[in-house]
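Engineer: Structure below; questions to follow.
Any read-out appearing in this document is the output of simple, stated calculations on the displayed coordinates, not a laboratory observation. These numbers were taken from a predicted model, which means no experiment stands behind them. Methodologically, a virtual Cβ is constructed for each residue, glycine included, from the backbone with ideal geometry; neighbour enumeration extends over all protein chains shown.
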Amino acid sequence: MDEVRSLKILEKYKEFFAELLAKNIMTNNPIVLKKENTIREAQQIMKLKKISGVPIVDDNKRLVNIITMEDLLKAMEMGMIDSQISSLGDKKIVTFREEDDFQTIIEFIAVYSFGRYPVIDDNNCVLGIITKQDLLFAVVSKLSVLYLHDERRKKVLDSPLSILIKNSFDKNEPSFLHEINNQDVNSAGEGSALLKTFLKNKKFDEKLIRKISIATYEAEVNVVIHGGGVGKIIANIDNESIVVFVEDCGPGIEDVEKAMKPGFSTAPDYIRSLGFGAGMGLPNIKRYADKLVITSEKNNGVKVEMLFWTKEEKSS
Amino acid sequence: MKLTLIKDILSAEIITCKDKLDTIVVEYIAAADMMSEVLAFSKEHAAILTGLITPQVVRTAQMMDLSAIIFVRGKQPLEETIKLAEELEIPLLVTNELLYTACGKLYQAGVPSC
């Protein structure tokens, strides 16, 4: 039961492992035996090499059968351990070809749960063998690359420097700060409303304030609908621009590019009855902001940075 | 077009801002039930025709500087919606017209689209 579940988890990373083929996973030149060998010899090899199964081949290295622990136990029970391997009946063997990909292998393993799978060529010759251990090792090697990638992203997300503007400013001394702590979609938008009032008091241009308000509002609603309802709105005003950060600590966006497509929405259905979930949120933000950076990491929240020029001569 | 004239065309009932109604001029009409659509396509000083009665429609109106919110299909706004609208001084009206006929009547009367 647990094995099947753990194989399903690997399913999630199918895409990442798409280039992993049987030939990259298998152990080359595996131990093989002939049917003239005895079952006892098989047992000794398996004990010595700490393996639980051995492919049986003919003189041309072609696969004819396979012997497993189960066979050993049966033979012991019936006192036949000194018989030749040829006395064993044929059994179903699932094999792979060198070019079979990760997804295929996973699918078969999930169904068959054999301990090992010979990898054969066009002539049925045994080239290698894939055990669950081989699979695990291949996955771990791949994951170590993934880990490095995520570590790098983590450094970027944790940085107090804004990605957008070159001169650093301290996010701990913002012009405007609002903590979002609200799971109720119906009352989302309070932060944006406060920001709007704040900017109005600073006598910024009406059109500019509207752009900023709408973009911040869309971002804030996203925090409530998708981001767990907990986050921050921070705004910084300098001579040339207003930069607004909206961040949350929710589940993050899996595919930012997909999320930017108008109409694409991962909102649950009840959200649509509340007037949201049209899939226009991020595209709207992109339209209104002069510069936009969205950073997200799975399970580590989303950070939306929007820059708005305050002087008209500037163009994005 | 003045909001009071729109009210007459749609035979609408006034929910909030009774007193300041005749000071308001509507420049465009937007019609939508999805707020993100409004945020994407609407313009300021538009009146919105909608069936959405949650406070979010008022927030959207605040963000976009909309002139008024007109609920169609006779839908009465929620209490929280009315309260927020009063606080922000945004006019709310209700008409029994369907969204389609309300749009049609106002379009015929010459109110431009967003």
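Engineer: How far, in nm, would the chain grow between A:Lys132 and A:Asp290 when pulled straight, counting 0.36 nm per residue and subtracting the alpha carbon separation?
Structural biologist: Contour length minus the Cα-Cα distance gives 51.7 nm.
Engineer: Once you put a point 7 Å from the Cα of A:Asn239 and another 7 Å from the Cα of A:Lys23, both along the Cβ direction, what distance in nm separates them?
Structural biologist: 6.2
Engineer: I'd like the FRET efficiency for A:Met80 and A:Ser113, computed as 1/(1 + (r/R0)^6) with the beta carbon distance as r and R0 of 22 Å, rounded to 0.05.
Structural biologist: Details: r = 26 Å, r/R0 = 1.19.
Taking R0 as 22 Å, the efficiency between A:Met80 and A:Ser113 is 0.25.
Engineer: With a cut-off of at most 16 other beta carbons within 10 Å, and DSSP calling the residue loop, which GluC sites (Glu not before Pro) in the stretch A:79-120 qualify? Please list them.
Structural biologist: In loop regions of the stretch A:79-120 (DSSP not H, G, I, E or B), the sparsely surrounded GluC sites (Glu not before Pro) are A:Glu98, A:Glu99.
Engineer: Residues of A:264-275, mean number of Cβ from any other protein chain within 10 Å of their own Cβ, rounded to a whole number?
Structural biologist: Averaged over the peptide's residues, the number is 2.
Engineer: What FRET efficiency comes out for the pair A:Asp58/B:Phe41, r = Cβ-Cβ distance, R0 = 60 Å, nearest 0.05?
Structural biologist: 0.25
Engineer: Roughly how many debye, to the nearest 20, is the charge dipole of the stretch A:255-313 about its Cα centre, given +1 on each Lys and Arg Cβ, -1 on each Asp and Glu Cβ, and no other charges?
Structural biologist: Numbers: 9 positive and 8 negative charges, 26 e Å.
Value, rounded to 20: 120 debye.
Engineer: Further, regarding this structure: What are the trypsin sites (Lys or Arg not before Pro) within the stretch A:257-316 that DSSP puts in a loop, where the Cβ has at most 15 other Cβ atoms within 10 Å?
Structural biologist: Passing sites in the stretch A:257-316 are A:Lys298, A:Lys311, A:Lys314.
Engineer: Would you compute, from DSSP H runs of 4+ residues alone, the mean residue ellipticity of the protein assembly as shown at 222 nm, taking -39500 (n - 2.57) per run and dividing by the full residue count, rounded to the nearest 500?
Structural biologist: -11500 deg cm²/dmol
Engineer: For chain B, what is the relative contact order in percent, using Cα pairs closer than 8 Å and at least 6 residues apart in sequence? Walk me through the intermediate numbers first.
Structural biologist: Numbers: 234 pairs, mean separation 37.1, N = 114.
Once normalised by length, the contact order is 33 percent.
Engineer: List the trypsin sites (Lys or Arg not before Pro) within the stretch A:62-141 that DSSP assigns to loop and that have no more than 11 neighbouring Cβ atoms inside 10 Å.
Structural biologist: Hits after loop and neighbour filter: A:Lys92.
Engineer: Step through the residues of the stretch A:99-115 one at a time and calculate ³J(HN,Hα) from phi using the Karplus curve (6.51 cos²θ - 1.76 cosθ + 1.60, θ = phi - 60°), rounding each to whole Hz and writing x for Gly and Pro.
Structural biologist: Here the 3J(HN,Hα) series is 8, 5, 9, 3, 4, 4, 4, 4, 4, 5, 4, 5, 7, 8, 6, 6, x Hz.
Engineer: Rounded if a/c is under 1.5, else prolate if a/b is larger than b/c, else oblate: which is the protein assembly as shown, with a ≥ b ≥ c the root eigenvalues of its Cα gyration tensor?
Structural biologist: Verdict is prolate for the protein assembly as shown.
Engineer: Continuing with this model, one more query. For Cα pairs less than 8 Å apart in space and 6+ apart in sequence, what is the mean separation divided by the residue count of the stretch A:170-316, i.e. the relative contact order in percent?
Structural biologist: Over the stretch A:170-316, the number comes to 25 percent.
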